[in-house]
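Have a look at the structure below, then the notes.
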């Protein structure tokens, strides 16, 4: 049975002190909540991962990295490998975020290499994808999303999807205040699940969690999460406020 997931992507925010405070607040808030079938994940910046892992031990909170390099090691100044993440207790990595694609030129081919490296080290992958506004206006959103998924993931064996979470990000709804309607989110999530089913069968497709990542807030979380193919959210700005993040988690 697939899990509901609320994952907070903190991006380039929060120094050590702020990270420690926010982890403590979130940990305390979810401690009193019966999460049942829901996982709660946070993704702080690299330099604060070790502390976040320590602060999250013996709690319901899981810690993810926001990115990683595809190589095992080498002359890649400023980069972080899968093994480095594992060595500090991180077992989840976010790959393919729209900002990585847009600002750092990450391609589907590169992301396929990163996915391979993550899985080789038994990291769980939250794999992001989604269309730009121009794609949506041209009615090409399904074509774009299908291409991104197939190019980066469809070389994998079916068993690999036990370690993969999908995160649909309509790029036009990230940080803009715009949000896809719950119906638009459901339509795309259903299409994504069908795309998986066509390749790997219904058993795999029905057990992969698909998250929505586009300006989820306390005010709209419950309606979005109520859709049958929406299994949670990859949360940006609202994840930086413990009270807002808790309300989104509690939407389940």
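The values are calculated or read from the model by the stated rules, or taken from the named source; none is laboratory data. Everything numeric in this text was worked out from a predicted model, so none of it was measured. Quick reminder, even Gly has a Cβ in these numbers, built from the backbone with ideal geometry, and neighbours come from all protein chains shown.
For the stretch 11-44, the set of residues classified as in a loop (DSSP other than H, G, I, E, B), under 23 Å from residue 210 (Cα atoms) and under 19 Å from the mean Cα position of the chain (by Cα) consists of 11, 35, 37, 44, listed by residue number.
Taking the stretch 30-54, which residues are surrounded by fewer than 20 Cβ atoms within 10 Å (Cβ to Cβ) and at pLDDT 95 or above? Correct list: 39, 45, 46, 47, 50, 51, 53, 54. Is there a residue being surrounded by fewer than 22 Cβ atoms within 10 Å (Cβ to Cβ) and modelled with pLDDT under 95 anywhere in the stretch 60-71? The answer is yes, given that some residue of the stretch 60-71 is surrounded by fewer than 22 Cβ atoms within 10 Å (Cβ to Cβ) and modelled with pLDDT under 95.
Evaluation of residue 86 against the conditions (1) surrounded by fewer than 22 Cβ atoms within 10 Å (Cβ to Cβ); (2) in a loop (DSSP other than H, G, I, E, B); (3) modelled with pLDDT of 95 or more shows that the sole unmet condition is (2).
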